[in-house]
Each structure stands twice: as C-alpha cells, then as structure tokens.
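Structure, as structure tokens:
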Amino acid sequence: MTTKEKERKMFVGVIWNCAAELKFVLTAILFLFSLITILQFMPIRFSTNLGGSCVSVPSITASAISTSTIIDSVSVSVSAINASTTIPPSPLPPPSPSLDKDEVLENGVIKRAFNPFGSAAYNFILMSAYRGGFDTFAVMGLASKPLHVYGKPSYQCEWIPNTNDNMEKHINVSGTKILPDWGYGRVYTVLVINCTFPFPVGNNGGKLLIHATTNGGGDAKLNITDTFCALTESEKDFTKFISTFNKPPKYDFLYCGSSLYGNLSPQRVREWLAFHVRFFGVKSHFVIHDAGGVHEGLMAVLKPWIEKGYVTLQDIRDQERFNGYYHNQFLIVNDCLHRYRFQAKWMFFFDVDEYIFVPKKSTIKSVVDSLSDYTQFTIEQMPMSNKLCLEEDRGKSYRKWGFEKLVYKDVKRGIRRDRKYAVQPRNVIATGVHMSQNTVGKTTHNTEGRIKYFHYHGTIAEHREPCRQLVNATTITVDRTPYEVDTTMRDIAGTVKRFELKMIGSTLQRTRQ
C-alpha cells in the first residue's frame, strides 16, 4: 500500500469517527443562517434600562440594519445602522408638580401633606344651549353632583358680539343655576343655567361664554374656573330666531319623550304611536330619544312615521358615558323643552307605556283650551294590570293589541300615584319628568274627569304574550290588589287599527312582540 492510499484511508476514518460532531456543526450553521434570514424581515425594538429608569426607543425595521451583523452563540448585536435613517428624540415627560411634604412645626407637631391627582368628575358637560328670547339664553348640561351638594359653584354668562361698534356691548351677568332633577343625580346632576342680560343682545351675532367656577367645591384650597363657548350665533341665526319667535307655533302638540333604553317591544311601540298620532292629530310631533333602546325591530316601527313627518329620532347614546339618573332623562327633557319651545303650543311629557285619554264628548284640543289659563296641568294615572285578560280572549289574544286585551284596572284607594303633565313651553324655564317647578304662571292638578292616562307598567320591555291569567269576572283581587274591568281602551282599538292602516298601509302588520 502506497503512502497516498494510507493518507486517504486515514482521512476517511477521521471523518467517519467524527460524523456526530460534524452533524452538530452543520446543524448549528444552518440554524444561524436561518435566524439571519428571519431577522431581515422582522422589526426590532430596542429598549434600555439605565439605573432603573425606562427610556423608550423608536422601533426601526431590519432594512435599516447593516449587513455586517455579527452573531455569536449567545446574542445577536447590530453593528451598524443605515446613516440615512433618523431616529426622532423621545418626547420628554411633562414635569411633575412639586409635592407637598410632611413637615415638623416649631411646636413639635407633625403636619401631614395631602397631594391630589386627577379629577373625580368634570366641572361641566355641555349638551346644548338655546336662545330663549331677545335677552335670555338657556344652557343645558351635567355637573359634578358632589360639587353642588357640598360646594357653592357659580356661573358667569358673557356675551361677546361679532362687531365692535357702539351699537352692542360686551357684557357679563351672573347665571342662574337650576337643578331640575331634585337631587336624583349620581356622579353627575342635571344643570340648567339661565343667562338673562339687562338688554337685548345678538343683533349682529356673537358668542355666549360660560365661566364655571368651583368656589372651592371639592377642594377648599382651590378656586378653579373653566370657560367654554356655549353658543355661537350668526346674524342669520338671529334673524331666523326672530321669525320663529313671531310666527304662530308649527305644532299644536309636541311630545318630548324620555330616554329609550333596553330591549323594547316593537309591537308595543307600534300600538303607542298609532294611538297617539290619531289622538293628537295632524299638527302634532313626537321627539324620540334613543339611549340604546332603538334596535332594528323598533327602527322598522318608527321609520314609516318618520317618513310621514310625525317623528324625529335623536341618538343620545353618548350620554351613557356620564353616570346620571335614569339615563340622564332630566337632561333630555330639558333639552327638548328649550329646543322646541317656540314650535309648539303645548308640550306633553309621559312614557311609551302610557296612553293619554279624554272622555268621548271631548277632544284633546277642547281640553287644553279649557286649561289655557294655566302654564301647566298634571294628568291623573289609571294603572292597568300587565297580565290579567278576559277569558273570552282565550285562543285569540295573540291577535289583539296590548291595550285592547289588558282591561283590568287597579282600583286600590288611599295611595299616591305619579302623575304626568303638559305645559305651555314659552312660560317654562326648566322642567322635570313628572312636573315642572320652574314656570311663569299657574299650575293646576284639578283635571279629574277631563283627562287621564292609562299606564301599562312593565309591558314595554316584554317580548311575549302579556296575557298570563285569563279571568271571567268583572272584579278580582290579585296579590292584595283589587282590580275591576275597564274596557275604555278596548272599545277604541278597532278605530286605531283602521287609522294606522289608512296612514301607513300594511307595512307593520307582521310586527313581532
């Protein structure tokens, strides 16, 4: 055997004996090259931690990294970054306010420090502002309830005219604050600010500013004033207001609805609308406020009446951000009052499970004409059972409307029942849910026998057949509550159905519960 043959056999033997180590080396090389390939397509974020402080560094992509990247078995380090890439400096954090510290007084007492951060509630949340006359405005919003319960906030109204001539002056007056929700608020309470100036303002347009001052409410050490523009008015807007103010109201009757929320029954709302459009007549209008209750099925019921011009739908779902009483319904009815106060002779405030009724020989017009000397009148409640129906409706109750088959009236005596109300809006400064305490003029509660409302409590949010107990008696007592049959609403159901068919056709005939 020659020397060359011996060397070749020795080399093969070495290779064969080191096969396992060679496989490991080749696998490691393959893994490293695969890692390099993947890193070229992935963004790399760098961060440093120096002395416990965190400094964020803007992220840069792998395309900006030089190909001369050095990789060892422990870490991957970037050796060069494309010089054309500019890394913007990190924004500096706002300077921290100096904190009060505990201190020892001369007499040895330790004076402790208190340092507030943030804010528990907004000073004021503006919803709307409207002109109420040539010299007066109303501003609607929410304010911190603790601020008004435990503090004495004040409000200044400032009118800034668009022109600087001598015909109109820049003027400040104190605003009158009205809390119409009678303390029902939660984190926020409803606030109406009345701004009345000593002379007419706004002939050429201008701005209404509100200066809301806490007067130490919440923190007696501070007195913070927030200034905001509540209303901007052009000369054209002022001219339009004069025209509306001087013309007769567009509507005889306008309904201001409270916030609609929850999973409401389309069929019950359908019945309510058909009944009241017929009841109030062609010169009526209904303002519906959607606080989350107008779903697809309910929108299908409203749409025909919107297209006919009888209904206006407003989306107020954003008010849910602010925790007030009952979906902020006091705020909503006050906005409605001032938004439409010059467009309606009478405004009615009640709910969509309540039906206004006047005796057969009367009309709603004859009733309000007899009460025209009053700014406000309240309406007597007739509570109805939400589950008792007549035995004669067995097997066919599903074809009847809710107010047609729920005929048992609660006749319990000696208890106080809520009333609803109507106002002549030009004489009202602020309003509530069951009545207004801020009116100019008289109020009467003596309306028994002239007008009332049937209340089907608990039916508006149910999607099932309301008749759950069929009764063959004119009187019955259930759960210690006496009931008696009252077919007043049942007797006019056919007329209401024919009216709906005449007005909007059969489009709602298949409406579901």
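The values are calculated or read from the model by the stated rules, or taken from the named source; none is laboratory data. It should be emphasised that the depicted structure is a prediction, and the values quoted were computed from it without experimental measurement. All Cβ positions, glycine included, derive from the backbone under ideal geometry; neighbour counts span all protein chains shown. Surface accessibility is based on the protein's heavy atoms, side chains included, excluding ligands, DNA and RNA. Shrake-Rupley method; radii C 1.70, N 1.55, O 1.52, S 1.80 Å.
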Taking the alpha-carbon distance from K442 and a cut-off under 12 Å, which aspartates and glutamates remain once sequence neighbours fewer than 8 residues away in the same chain are dropped? D373
Based on the Cβ-Cβ distance of F499 and N203, what FRET efficiency does E = 1/(1 + (r/R0)^6) give at R0 = 45 Å, to the nearest 0.05? 0.45
Please turn the phi angles of region 284-295 into ³J(HN,Hα) values with the Karplus equation 6.51 cos²θ - 1.76 cosθ + 1.60 (θ = phi - 60°), one per residue in order, whole Hz, x for glycine and proline. 10, 8, 10, 9, 9, 10, 8, 9, x, x, 8, 8
Considering only lysines 8 or more places apart in sequence, or on different chains, count the pairs in region 197-349 whose C-alpha atoms sit under 23 Å apart. 17
Full-extension gain between L35 and C229, please, as 0.36 nm times their residue separation minus the C-alpha to C-alpha distance. 63.9 nm
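Over region 156-215, with every protein chain in place, what whole percent of the accessible area is carbon and sulfur at 1.4 Å, could you tell me? Provide the component values of the computation, followed by the final result.
Numbers: 1460 of 2830 Å².
Summing carbon and sulfur atoms, their accessible area is 52 percent of the total for region 156-215.
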Taking Cα centroids, how far is region 363-396 from region 143-212 in Å? 39 Å
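Carbon and sulfur atoms: what percent of the 1.4 Å accessible area of region 369-513 do they account for?
On the way: 3300 of 7630 Å².
Roughly 43 percent, rounded to a whole number.
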Using θ = phi - 60° and Karplus 6.51 cos²θ - 1.76 cosθ + 1.60, couplings along region 303-313 (whole Hz; Gly, Pro as x): 3, x, 6, 4, 5, 7, x, 8, 10, 10, 10
Provide the per-residue ³J(HN,Hα) series for region 360-375, in order, calculated from phi with Karplus coefficients 6.51, -1.76, 1.60 and θ = phi - 60°, each as a whole number of Hz, with x at glycine and proline positions. 4, 7, 10, 10, 5, 5, 5, 5, 5, 5, 6, 10, 5, 6, 10, 6
Of the heavy-atom accessible surface of region 282-347 (probe 1.4 angstrom), what whole percent is carbon and sulfur? 46 percent
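Let a ≥ b ≥ c be the square roots of the eigenvalues of the Cα gyration tensor of region 414-495; is it rounded (a/c under 1.5), or, if not, prolate (a/b larger than b/c) or oblate? All intermediate terms of the calculation are to be shown ahead of the outcome.
Working: a/c = 2.25, a/b = 2.11, b/c = 1.07.
Prolate is the answer for region 414-495, as a/c is 1.5 or above and a/b outweighs b/c.
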Segment E380-H211, extension gain: residue separation times 0.36 nm, minus the distance between their alpha carbons: 56.7 nm
Roughly how many nanometres apart are two label points built 7 Å out from the Cα toward the Cβ at T244 and Q513? 4.3 nm
Extension gain (nm, one decimal) between D369 and D102, 0.36 nm per residue minus Cα-Cα: 89.0 nm
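For region 104-170, report the accessible area per residue in Å² (1.4 Å probe, heavy atoms, rounded to an integer).
63 Å²
Accessible area per residue for region 342-472 in Å², computed with a 1.4 Å probe and the full protein assembly in place, what is it? Display every interim value, and only then the final one.
Working: 6030 Å² over 131 residues.
Counting only protein heavy atoms, the per-residue value for region 342-472 is 46 Å².
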One finds, for T176 and K442 with R0 = 30 angstrom and r their Cβ-Cβ distance, a FRET efficiency to the nearest 0.05 of 0.90
19 Å Cα-Cα reach of K396 towards lysines, excluding residues that sit fewer than 8 places from it in its own chain: K387, K405, K497
